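Asks: To start, I am sharing the structure in question, which I have written as C-alpha cells.
The values are calculated or read from the model by the stated rules, or taken from the named source; none is laboratory data. Computed from a predicted structure; not experimentally measured. Backbone-built Cβ (ideal geometry, glycine too); neighbour counts: all protein chains shown. Surface areas here come from the heavy atoms of the whole protein model, side chains and all, with no ligands, DNA or RNA. Shrake-Rupley method; radii C 1.70, N 1.55, O 1.52, S 1.80 Å.
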Amino acid sequence: MSQLPAAQAACATGSLYLAIDQGTHASRALVFDARGEIVAHGEREIGLARPQADWAEQDGEEIVASVHAAVARAADSLGPRARDLAAAGLSSQRASCVCWDRVTGAPLSPVFSWQDRRMHAWIDALAAHGDDVHRRTGLFLSPHYGASKLRWALDHLPAVREALDAGRLAWGPMVSFLAFRLLKERPLLADPQCAARTQLWNLHRRDWDPELLHLFGLPAGCLPASAATCQHWGKLTCAGVEVPLAAVNGDQSAAVFAFGWPEAESAYVNIGTSAFVQRALTRPPGHVPRQLTGIILAEGATSVYMVEGNVNGAGAGLEWLSAQLGIGDLTAWLPAWLERPAPELLFLNGIAGLGGPFWQARFDSRFVGDEAEPWAKAVALVESIAFLLQANVEHMAPYVPELSRIRVSGGVSRLDGLCRRLASLNDVPVHRRDDPEASARGIAYLAAGRPAQWHVGAAEDVFAPRDDAALRDRYRRWRALMAEATGV
C-alpha cells in the first residue's frame, strides 16, 4: 500500500510526541522521539468490576485520574525536555462507552466495558435487523458494542434520564469522554473508529444514523459530533506545557500504525485481552459478510479502511483458564508447554462471547477430548486462539489482497509457540517486534504527522512456516466442531 500524500508535520530532531493509551487494565503514557523510540513512560493500573454475570464495568473518574497520573509520571521522567512536546495522541478501548454531564463532565453511568454483554437477550430480539445494521455500520449486531448499553443506561439509571430531560446528557465512546475531561476546550467529538463501535455510526455517511437511533430507541442530540482521526482536537496540559492533541483512534486500529504506514499484503494481528486481525485498504472494501469493516484513519482526503476479525477469548481466555486451574501465573508455564508434542485435546473458545466469523454472544466453551492435564488444556486454549484467528483470515481472504506476511503485536504474541502455529496455518512468515506498546506507538506515529522514518531498524523475530500436518488436522477437526456448534 503506497502512502497517499498528506500534509505531514515537520518532525524536528528535538520534537517529542506524547501517546496516551487507555486500555482495559491500565492507562499508559509514553513519550516518543521523532524516530519512534520511547524516551519516557508512565502507567497506572485500573480496576474492572463484574457485579453480575455478563456485566463488566469501570469507574470513569478512576480512569481519568489514572490518565493524569500516567502522564505526570512520564513528564517527571522527561524533566526539562517536557517543553519539547510537540503533539499528543490518544487511543482508547473502542467499544467501551459512558454517559456524562455535558456541563460538569461528571460521569452519570459506569464505563460499560467492551466485555459487557448485559443486553445480549435484547440484542437477540433485533436479529431480523442484523444484515441492515451490518451494511450500515460495518459491524455485526452484538451486545459488545455501545448502543444497547446506552439504552440500558437510559432505562435503568435515573441520573441519565434526568440529564436527558435537563438537556445536559452526553454519551458515546469512552474516548470522547476522555477528550472532554482532558482538554481545556472540553470538546464533544468522536473519531470514526470509536464512533463506529457504538453501532450507531453510518460508515457510508460518516455520521450518526437516525434510523439506527430509532432502532435502538435512543434520542438524538446526545452523541458527540463526528470528527477526523487527525485534526486539532484541543490542548492538554503536561508538566505545565500545553500540548495539542493531534490524533484520536481506537487502540486496536492505532496498533496497525505501530510499524508506520500499513502494507496491503500484511495482516496485522494484535493479541492482548482480546485479539484482532486487520487488513488495511485505501479503498472502501464494500460489504464483507461475517467480518467487520471500518475506517482506521480519516485525515483530509486520506482514508484508510480495514477489514477485521476479532477473538474475544485471547488473554481473557488465559485469565479464565488460570482461575479454572488455580494457577496464578499460567503464562510462565506456557513457553515450555507449547514446545511439547501437542495433545489431541481441542478447546471451543467462546470466552467473553464468540466474535468473528461466528458472532454468538453466549456460547458454551468446552474442551473436546480425554486429556485432563493442566498443560494439555493450556496448549489447547492457545491453539484455539490461533484457530479463531485463522477462521477470520480465511473468511476475509476473498475481499483483500493475497497475504504475504503476518505482523503480530500485543502481550500474548510473546508466546513463540503461538506465533509458530499462526505461521504454519497460513503458510506465511510471522513477524514480531518486541513491542508491547503497539497502540501507543501507532497513535504517536499519527500524532507526529506520519513521518517517513518510524521505528526503523527495530529488532524483529521472524517465524517461518513449518509443514505441520498434525496442526492442520487439529484445525480441520476444530473447524468442523465449530461449524456444528454454530452453523457457520
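Asks: If Ala483 meets every condition in (1) within 21 Å of the chain's Cα centre (by Cα); (2) surrounded by fewer than 20 Cβ atoms within 10 Å (Cβ to Cβ) apart from one, which number is that one?
Replies: Answer for Ala483: the failing condition is (1).
Asks: Let me ask something else. Could you grab me the full set of residues in the stretch 230-255 that are in contact with an Asp or Glu (Cβ under 7 Å, 6 or more places away or on another chain), assigned to a strand (DSSP E or B) and either without any contact (Cβ under 8 Å) to a residue 40 or more places away in the chain or open to solvent by 10 Å² or more (accessible area, probe 1.4 Å) (or both)? Spell out how you get there, then give the answer.
Replies: Taking the stretch 230-255 as the starting set, the residues that turn out to be in contact with an Asp or Glu (Cβ under 7 Å, 6 or more places away or on another chain) are 230, 234-235, 248-249, 251.
So of that shortlist, the ones also assigned to a strand (DSSP E or B) come out as 230, 234-235, 248-249.
Of everything in the stretch 230-255, those that are in contact with an Asp or Glu (Cβ under 7 Å, 6 or more places away or on another chain), assigned to a strand (DSSP E or B) and either without any contact (Cβ under 8 Å) to a residue 40 or more places away in the chain or open to solvent by 10 Å² or more (accessible area, probe 1.4 Å) (or both) turn out to be Cys230, Lys235.
Asks: Would you mind telling me which numbered condition in (1) touching a Cys at 6+ places or on another chain (Cβ under 9 Å); (2) at pLDDT below 95 Asn249 fails?
Replies: (2)
Per-residue answers, yes or no, for (1) touching a His at 6+ places or on another chain (Cβ under 8 Å); (2) open to solvent by 10 Å² or more (accessible area, probe 1.4 Å); (3) modelled with pLDDT under 90; (4) part of a strand (DSSP E or B):
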residue	(1), (2), (3), (4)
Cys11	no, yes, yes, no
Gly14	no, yes, yes, no
Tyr17	no, no, no, yes
Arg28	yes, yes, no, yes
Ala40	no, no, no, yes
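Asks: Give the number of residues within the stretch 256-267 that are touching a Phe, Trp or Tyr at 6+ places or on another chain (Cβ under 9 Å) and either open to solvent by 10 Å² or more (accessible area, probe 1.4 Å) or among the basic types (Lys, Arg) (or both). Break it down into steps so the answer makes sense when it comes.
Replies: First pass over the stretch 256-267, keeping only residues touching a Phe, Trp or Tyr at 6+ places or on another chain (Cβ under 9 Å): 256-262, 266.
Applying the additional criterion that residues be either open to solvent by 10 Å² or more (accessible area, probe 1.4 Å) or among the basic types (Lys, Arg) (or both) yields 259, 261.
The total comes to 2.
Asks: Evaluate the stretch 303-318: report whether one residue or more is more than 25 Å from Arg433 (Cβ to Cβ), at pLDDT 95 or above, out of contact with any Ser or Thr (no Cβ under 8 Å at 6 or more places or on another chain) and small (Gly, Ala, Ser).
Replies: Quick first cut of the stretch 303-318, residues more than 25 Å from Arg433 (Cβ to Cβ) only: 303.
Restricting the remaining residues to those that are at pLDDT 95 or above gives 303.
Pick out the ones that are also out of contact with any Ser or Thr (no Cβ under 8 Å at 6 or more places or on another chain) and you get none.
No, the stretch 303-318 contains no residue that is more than 25 Å from Arg433 (Cβ to Cβ), at pLDDT 95 or above, out of contact with any Ser or Thr (no Cβ under 8 Å at 6 or more places or on another chain) and small (Gly, Ala, Ser).
Asks: Something else: Suppose we keep only residues that are in a loop (DSSP other than H, G, I, E, B) and within 12 Å of Ala166 (Cβ to Cβ) within the stretch 94-108. Which one would you say is nearest to the chain's Cα centre (by Cα)? Step through it out loud before you land on a result.
Replies: Applying the first criterion (in a loop (DSSP other than H, G, I, E, B)) to the stretch 94-108 yields 94-96, 102-106, 108.
Now drop any that are not within 12 Å of Ala166 (Cβ to Cβ), which leaves 102-104, 108.
Values: Arg102: 26, Val103: 29, Thr104: 29, Leu108: 24 Å.
Among residues in the stretch 94-108 that are in a loop (DSSP other than H, G, I, E, B) and within 12 Å of Ala166 (Cβ to Cβ), the one nearest to the chain's Cα centre (by Cα) is Leu108.
Asks: Only one residue in Ser96, Ser92 is surrounded by 23 or more Cβ atoms within 10 Å (Cβ to Cβ) and in contact with an Asp or Glu (Cβ under 8 Å, 6 or more places away or on another chain), so which one is that? Even if it seems obvious, please write down each step before you answer.
Replies: Working: Ser96 fails: in contact with an Asp or Glu (Cβ under 8 Å, 6 or more places away or on another chain).
Just a single option satisfies the conditions, and that option is Ser92.
Asks: Any chance you could count how many residues in the stretch 336-351 are in a loop (DSSP other than H, G, I, E, B) and either open to solvent by less than 20 Å² (accessible area, probe 1.4 Å) or under 19 Å from Val393 (Cβ atoms) (or both)?
Replies: The first filter runs over the stretch 336-351 and keeps only residues in a loop (DSSP other than H, G, I, E, B), leaving 338-345, 349-351.
Filter again for either open to solvent by less than 20 Å² (accessible area, probe 1.4 Å) or under 19 Å from Val393 (Cβ atoms) (or both), leaving 338, 343, 345, 349-350.
Of the residues in the stretch 336-351, 5 are in a loop (DSSP other than H, G, I, E, B) and either open to solvent by less than 20 Å² (accessible area, probe 1.4 Å) or under 19 Å from Val393 (Cβ atoms) (or both).
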